[in-house]
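Values quoted throughout were computed directly from the atomic coordinates according to the rules given, and no laboratory measurement underlies them. Note that this is a predicted model, so its numbers are computed, not measured. Methodologically, a virtual Cβ is constructed for each residue, glycine included, from the backbone with ideal geometry; neighbour enumeration extends over all protein chains shown.
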Amino acid sequence: MSNRKFAFEKANYLLLAIGFAIIIIGFLLMAGPGSTETHFEPDIFSFRRIKLAPTVCFFGFIFVIYAILYSSKKRKDENKEE
């Protein structure tokens, strides 16, 4: 069996999964009833849908970027030896 080097380690995939879960939570916070032509829904302009949900999504995307760039100490030590 050959000793392959992959771009990501188990920790990267775990951090990516956490980041995607945060993004999904943000989109779920944005969900809700919408307005129609006959009925105006004031919940469209609630704090949760206008401020909180986009902020949660933003931090989720930042966390995903961190997960992609994350390099464990073991990986750093291997790169120094080469």
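List pairs: first residue in the stretch 33-56 and closer than 16 Å to residue 23 by Cβ, second residue among the β-branched types (Val, Ile, Thr) and surrounded by 10 or more Cβ atoms within 10 Å (Cβ to Cβ) anywhere in the structure, Cβ distance under 9 angstrom, at least six positions apart or on different chains.
Between residues of the stretch 33-56 that are closer than 16 Å to residue 23 by Cβ and residues that are among the β-branched types (Val, Ile, Thr) and surrounded by 10 or more Cβ atoms within 10 Å (Cβ to Cβ), the close pairs are 53/25; 56/22; 56/23; 56/25.
Within the stretch 14-53, how many residues are loosely packed, with under 11 Cβ neighbours inside 10 Å and of a type in the set (Ser, Thr, Tyr)?
Residues meeting the conditions: 2.
Looking at the stretch 1-13, which of its residues are surrounded by 13 or more Cβ atoms within 10 Å (Cβ to Cβ) and either touching a helix residue (DSSP H, G or I) at 6+ places or on another chain (Cβ under 7 Å) or assigned to a helix (DSSP H, G or I) (or both)?
Those that are surrounded by 13 or more Cβ atoms within 10 Å (Cβ to Cβ) and either touching a helix residue (DSSP H, G or I) at 6+ places or on another chain (Cβ under 7 Å) or assigned to a helix (DSSP H, G or I) (or both): 9, 11, 12.
Being out of contact with any helix residue (DSSP H, G or I) (no Cβ under 7 Å at 6 or more places or on another chain) and of a type outside the set (D, E, K, R) is the filter here, so list the residues in the stretch 35-50 that pass it.
36, 38, 39, 40, 42, 44, 45, 46, 47, 50
Which ones in the stretch 1-51 are in contact with a Ser or Thr (Cβ under 7 Å, 6 or more places away or on another chain), among the aliphatic types (A, V, I, L, M) and more than 30 Å from residue 72 (Cα to Cα)?
Within the stretch 1-51, the first condition is being in contact with a Ser or Thr (Cβ under 7 Å, 6 or more places away or on another chain), and the residues that meet it are 9, 11, 41, 44.
Narrowing the set further to residues that are among the aliphatic types (A, V, I, L, M) leaves 11, 44.
The answer is 44, and nothing else.
Any chance you could count how many residues in the stretch 33-73 are outside any helix (DSSP H, G or I) and of a type in the set (D, E, K, R)?
Residues that pass the stated criteria total 2.
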